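Worksheet for the structure shown next.
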Amino acid sequence: MSAFDYETMPSPLMPLASINQPLLSVRDLRVRFGAKQVVHGLNLDLAAGEKLALVGESGSGKSMTALALLRLAGEAQLSGQVLLGGRDLLRLPEREMQAVRGDDVAMIFQEPMTALNPLMSVGRQVAEILQLKQGLTRSQARAQAVELLAATGIAEPARRADSYPHQLSGGQRQRAMIAMALACRPKLLLADEPTTALDVTLRTQILELLDGLQRQTRMALLLITHDLHLVRRFADRVAVMQHGRLVEQGPAGAIMGAPQHAYTRKLLASVPQRHVLEGPVPDGARPLVEARALKVSYPVPLSGLRGWFGQGRYVALESAELRLMPGRTLGVVGESGSGKSTLAQAVLGLLEHEGELRIGGQAWQQPATRNTDVNRGLRRHLQVVLQDPFSSLSPRLSVEQIVAEGLLVHAPELCDRQRRVRVLHMLEAVGLCELQFPGLLQRYPHEFSGGQRQRIAIARALILEPEVLVLDEPTSALDVTIQQQVLSLLQQLQRERGLAYLLITHDVDVIRAMAHDVLVLKDGQVVEAGSVEQILGSPREAYTRSLVEAASYRGQGQEAGLF
């Protein structure tokens, strides 16, 4: 922690709740959009200094509940009571409600890259809150913003305060959002999926940060998440939502150890299962992807006079070696900035590289980014499934257009009817059909759930019958039950089609379920490689052990006193 002292900050407007009263008391909360009710009679209490996790699948009403507490749910009709320190937030005039937001209740959103203003430095965004809410001068607000950034663990806070969101890592952006949320020392913090997009070590850091700040300030924390591993290690109590209704709540240990409701048991049972073909690689099999001494570097400006005469080089990946065999999965793990995505982009022919890189025995024609006949032929055998299906699918194209897009480039000889037959066949292969979704081909991505959109993305990748799929965090944006379904589908497709997967992920459970071999990256270098049993069971390197331990979810965190 920095020398920033929360006790010297102005007291919030809200009176302290008495020792016998909860800080937040929600009674019969209902949220309705026209004729559709999305939250049904929610009752919830939260004490000062308590950490309550609100869990459930997408569409269960978790985020809508949080938005309703702050009256940020758009055109929704709200009823019931939301008592904060004795005041009903649903009955306050809007001017008083504006004072509550930020002063008494603050919120951390899921994706800081979209929640932060890209046109303002992070320090200015924190300072703006202090000027608006506390009436500080610009210089005073700047000084306190730097101290807040330091309190959240950002290195070189004075320099980073002048950075824009795109210049920070994912963990740094999330810390900047926490600094904004804590600027006015709120009594209640709403954290909506605060670690979903972060790797395991950054998740641990953010949780430790929130836990330390929460204990220091006696702040109550409502954590909205579908990550049950996180709940095991962090929450005091758990409330489970399904279809807008609260189906179970109680102490975290009791809920996780002996859930009473069938839906809670289903969530807890949704751990990725391993159903892959085991055994050695057949004799004579040739690697589908092979790299030796692979290096990727970027030009960077030099400081001082040197910048007048040339550029430096930032090495993002150095001396990487890998072999991916037919029907196998190579898992690539590492922290943010370790070089995982750089490796994936190099394999896909999207980055210029040095060293040897062969796809099916054939090298990319340099530069690999050129659309030559050779490179275009290689791309047919190498496709990608990205992390967020909603952003990776064009909202302007129908399902038929999305899935058939690759055929227009790589199979132009097909007529419209032939393309449509192939599209329907591929959609059926990933579990989507016209009988289940009437008018399937004419629908658009927004008409499907996250898991269904990812199935569409998989169909788009498989339509060209590739030999290799690059899976870039294919399930990190999905709920645990949907994640299990998508992983089962990928395993089934691998068994049936002999596909090889290059799996980029920070989820050790996904590696354990999917991978045959594992590559561990740190600062652009391979620090350890081997079979999944060796890497996860008895890693040699301290860095690998830290990754595996950070992903542990069976309650060791609390037992060891980490939180």
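Within the stretch 22-34, the set of residues being loosely packed, with under 15 Cβ neighbours inside 10 Å and not in a strand (DSSP E or B) comprises GLY34 only.
Taking the conditions (1) among the β-branched types (Val, Ile, Thr); (2) touching a strand residue (DSSP E or B) at 6+ places or on another chain (Cβ under 9 Å); (3) free of Cβ contacts under 8 Å to residues at least 24 places away in the same chain in turn, THR195 satisfies each one other than (3).
Residues checked against (1) of a type outside the set (Asp, Glu); (2) open to solvent by 30 Å² or more (accessible area, probe 1.4 Å); (3) closer than 20 Å to GLU473 by Cα:
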residue: LEU397; (1), (2), (3): yes, yes, no
residue: LEU407; (1), (2), (3): yes, no, no
residue: PRO412; (1), (2), (3): yes, yes, no
residue: ARG420; (1), (2), (3): yes, yes, no
residue: LEU427; (1), (2), (3): yes, no, no
residue: GLN442; (1), (2), (3): yes, yes, no
residue: GLN452; (1), (2), (3): yes, yes, yes
residue: ALA459; (1), (2), (3): yes, no, yes
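Taking the criterion of being surrounded by fewer than 14 Cβ atoms within 10 Å (Cβ to Cβ), in contact with a strand residue (DSSP E or B) (Cβ under 9 Å, 6 or more places away or on another chain) and farther than 15 Å from VAL296 by Cα, the only residue of the stretch 339-362 that qualifies is GLY361.
A Cβ distance below 8 Å, combined with a sequence gap of six or more or placement on separate chains, defines the contacts here; from the stretch 102-115, residues that are more than 14 Å from ALA477 (Cβ to Cβ) reach residues that are at pLDDT below 75 and not charged (D, E, K, R) in the pairs ASP103/PRO12; ASP103/LEU13; ASP103/MET14; ASP104/PRO12; ASP104/LEU13; ASP104/MET14; PRO112/GLY170. Within the set LEU503, LEU487, the sole residue that is in a strand (DSSP E or B) and within 30 Å of VAL409 (Cβ to Cβ) turns out to be LEU503. Number of residues in the stretch 135-165 that are polar (S, T, N, Q) and within 19 Å of PRO112 (Cβ to Cβ) equals 2. One residue is enough: does the stretch 301-313 have a residue meeting the conditions open to solvent by less than 20 Å² (accessible area, probe 1.4 Å), closer than 30 Å to ARG173 by Cβ and polar (S, T, N, Q)? Scanning the stretch 301-313, I find no residue that is open to solvent by less than 20 Å² (accessible area, probe 1.4 Å), closer than 30 Å to ARG173 by Cβ and polar (S, T, N, Q), so the answer is no. Of all the listed residues (ARG265, ARG237, ARG215, ARG185), the sole one being surrounded by fewer than 16 Cβ atoms within 10 Å (Cβ to Cβ) and modelled with pLDDT of 85 or more is ARG265. Among residues of the stretch 408-428 that are part of a helix (DSSP H, G or I), those with a beta-carbon under 6 Å from a residue that is of a type outside the set (A, V, I, L, M) at least six positions away or on a different chain give the pairs HIS410/ARG380; VAL423/GLU400.
Take GLU473 and tell me if it is open to solvent by 10 Å² or more (accessible area, probe 1.4 Å), free of Cβ contacts under 8 Å to residues at least 24 places away in the same chain and either at positive phi or not aliphatic (A, V, I, L, M) (or both). Taking the combined requirement at face value, the residue does not satisfy it.
ARG101: at pLDDT below 95, assigned to a helix (DSSP H, G or I) and surrounded by fewer than 17 Cβ atoms within 10 Å (Cβ to Cβ), yes or no? In short, no. Checked against (1) on the phi < 0 side of the Ramachandran plot; (2) in contact with a Phe, Trp or Tyr (Cβ under 8 Å, 6 or more places away or on another chain), SER163 passes all but a single condition, namely (2). Scanning the stretch 315-370 for residues that are out of contact with any Gly (no Cβ under 6 Å at 6 or more places or on another chain), under 14 Å from ILE504 (Cβ atoms) and part of a strand (DSSP E or B) yields ALA320, LEU322, LEU324, THR329, LEU330, GLY331, VAL332, VAL333. For ILE178, the criteria (1) closer than 27 Å to LEU84 by Cβ; (2) of a type in the set (Val, Ile, Thr); (3) open to solvent by 50 Å² or more (accessible area, probe 1.4 Å) hold in every case but one, which is (3). Report yes if some residue within the stretch 247-256 is more than 29 Å from LEU490 (Cα to Cα), surrounded by 14 or more Cβ atoms within 10 Å (Cβ to Cβ) and touching a Phe, Trp or Tyr at 6+ places or on another chain (Cβ under 6 Å); otherwise report no. Among the residues of the stretch 247-256, at least one is more than 29 Å from LEU490 (Cα to Cα), surrounded by 14 or more Cβ atoms within 10 Å (Cβ to Cβ) and touching a Phe, Trp or Tyr at 6+ places or on another chain (Cβ under 6 Å), which makes the answer yes.
The values are calculated or read from the model by the stated rules, or taken from the named source; none is laboratory data. Fair warning: this is a prediction, and the values are worked out from it, not measured in the lab. Please note: Cβ atoms are built from the backbone with ideal geometry, for glycine as well, and neighbour counts cover all protein chains shown. Accessible surface areas use protein heavy atoms only, side chains included; no ligands, DNA or RNA. Shrake-Rupley method; radii C 1.70, N 1.55, O 1.52, S 1.80 Å.
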